[in-house]
Amino acid sequence: MPESTATVFIAESRERAGQQLEQAVRDLGHRIFRVTRAREGMQALTTLEPDIMLVSLFLDDEPGVAAIERLSEHAPGVPVIAVGESASTGEIVAAIRRGASHFLAMPSGLPRLQHILSDALAEARHSSELARVREEVKDLYGFRHLLTQSPRMLNVFDQVRKVATTDATVLIRGETGTGKELISRAIHDRSRRKDKPFISVNCGAFTESLLESELFGHEKGSFTGAIGRREGLFEMADGGTLFLDELGETTLNVQVNLLRVLEEMTFRRVGGRDPVRVDVRIVAATNVELESAVADKRFREDLYYRLAVFPITLPPLRSRREDVPLLMRHFLDEIGGEYGLAPPVVSADAMDVILGYHWPGNVRQLRALCERWVITRAGQRLEREHLAADMVRARPTPAARGGFVIDNATSLKANTDRAVAEVERTYLFRLLERNQGRLVDAADQAGITRRTLYTKIKQYGLSS
């Protein structure tokens, strides 16, 4: 469809309301297809492919919110704006639960129609782009639960593909909330062990004695409360993968026992005498700087080298900001679907704050905030004032100010490429915002072709 023109499907039985809607949509430059009955609309939708639907709650043959659901079944994925007379909370919630993304009260809401149509169309484009990227990532890498456009994360995917088909021990490093367990599951899912158990344990959640019992099991009577033999996680994971999260929090005694298992694949249950042999692939994760822990004698050097056969480092969210809009759209849609609520529409001003935030809790924090926004702003615009005060007050990151964070672990060329990408992305974001998403005008001002601009919009996770 042209950048500024859409095909708008209108289902409205009331003549005056229908005429008002037609005139308002025509004035905005969009194409119109109007029906007066739900049955007529369902028949038309077998061949018509509208970009958006305006559905009245006063259709003669299907009054109320039921018409929204019936018509949506014939046009899956097309955003629906419910048309009513009052904007009561009960009416809005009922319409949203049936599939509407927005609500238009007639006739008082007509002045806001352009705003509502623009938001709904932007949401549809975002969802379409999200589905495309999700399928692209799945096809290229086979990762169903990970979404990215970041070159650094795509490099992580390449590492996962290479190591997954082996039995090498993997050490995943990264800040809390960066997705270490998701990567460990991706390794398991692409390995020869994928049909065997995947067992996960947070080593930092147990005391030393409880962790040893959890990992290795125990014999009856080995300690107070041990009323019978119990298999440990190593035995449960036999043939599969054992994910040891927060391994840097373990004690030196536990580390000695882990080293023995890694080297010999045998161990003894707590209180037991007979060795138990297992075949387990180990994937470990930590947010602790293990080199410093080794230097401080808090982590065994021999265990560190045994674990770090194939290290993978996950970048924090603040260094892959091109993924923030994609991840937000994914989480908002996913959570909205779970709760039966329409996700909010994120304004450009709010997105500017979100992109400049430093995200100390990484992807986990972003998902938690998306859940809050779905609950508090369902079907409405998410503006700057609706964001948490600490986000708005937070000092912008160097990248958000147009500066750059140096990554000492990468080369001069890699840092230079990233710096250029940051400047280019910020420039294009501002340019699109100034031109209100008009690609022709933005491309002309940037001195590039429209196709080049569209490619860069996709590359940087922007939205026209």
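All of (1) in a helix (DSSP H, G or I); (2) within 21 Å of T176 (Cβ to Cβ) hold for V201 with one exception: (1). Does the range 2-10 contain at least one residue that is more than 23 Å from F103 (Cβ to Cβ) and among the small types (G, A, S)? So far as the range 2-10 goes, yes, one or more of its residues are more than 23 Å from F103 (Cβ to Cβ) and among the small types (G, A, S).
Residues in the range 14-37 that are in contact with a helix residue (DSSP H, G or I) (Cβ under 9 Å, 6 or more places away or on another chain), over 18 Å from S108 (Cα atoms) and not hydrophobic (A, V, I, L, M, F, W, C): H30, R31, R34, T36. Restricting F331, F310 to residues that are aromatic (F, W, Y), at pLDDT 85 or above and under 30 Å from R98 (Cα atoms) narrows the list to F331. Does V156 satisfy the criteria of being aliphatic (A, V, I, L, M), buried (at least 20 other Cβ atoms within 10 Å of the Cβ), closer than 27 Å to E291 by Cβ and over 34 Å from the mean Cα position of the chain (by Cα)? No; evaluated as a whole, the condition is false for this residue.
Hey, could you check the range 364-384 for residues that are basic (K, R) and crowded, with 17+ Cβ neighbours inside 10 Å and say which is farthest from A82 (Cα to Cα)? By that ranking, first place goes to R367. Which condition from (1) under 14 Å from the mean Cα position of the chain (by Cα); (2) assigned to a loop (DSSP other than H, G, I, E, B) is the one that V363 breaks? Of (1) under 14 Å from the mean Cα position of the chain (by Cα); (2) assigned to a loop (DSSP other than H, G, I, E, B), only one is false for V363: (2).
The values are calculated or read from the model by the stated rules, or taken from the named source; none is laboratory data. Note that this is a predicted model, so its numbers are computed, not measured. Cβ: placed from backbone, ideal geometry, glycine included. Neighbour counts: every protein chain shown.
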